[in-house]
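Every read-out reported here was derived from the displayed coordinates using simple, explicitly stated rules and does not represent laboratory data. Everything quoted here is computed from the prediction, not taken from an experiment. Glycine also receives a Cβ, built like all others from the backbone with ideal geometry; neighbour counts cover every protein chain displayed.
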Amino acid sequence: MDMSMELTLRDIPAFLPPWTFAKVGRPDERRARQGARRGFVDLKMSFMRAAAEVQGSEGQALQEYVRQAAEPIELWLMHTRLLASLPLDHLRGDQHRQALQEALARVFPMKSA
């Protein structure tokens with residue numbers, strides 16, 4: 001599957017990520033935006049660690065896609081590809097699967113794998 005041809009949220013010119021306005025609004029709104037940003041960063045780091053375990057050109061493609069992700073939904077859309085690419089006979093593969101599913105559950109409580 002060629003991931004380079006898919007439309008992502010950053011391809012839409014009028015889209016601004018929610019954390020763009022982190023200093024605007026009421027304090028509780030700012031905290032919510034900062035929490036969402038922190039959750040995205042944690043999710044992206046989990047994906048980066050897992051993608052680093054995948055060998056070959058598939059691993060390189062996954063790492064590039066994760067690096068380019070600007071929104072949590074972009075990572076969620078590729079999570080099945082990454083999970084399927086992790087080594088099955090490796091303890092680290094199992095650990096990464098568990099970490100990815102936990103990170104996804106924190107960001108997408110109703111959509112986790």
Radius ratio Rg over Rh of the range 48-113, counting only Cα atoms, Kirkwood formula for Rh: 0.94
Dipole magnitude (debye, nearest 20) for the range 25-107, charges at Cβ of Lys, Arg, Asp, Glu: 460 debye
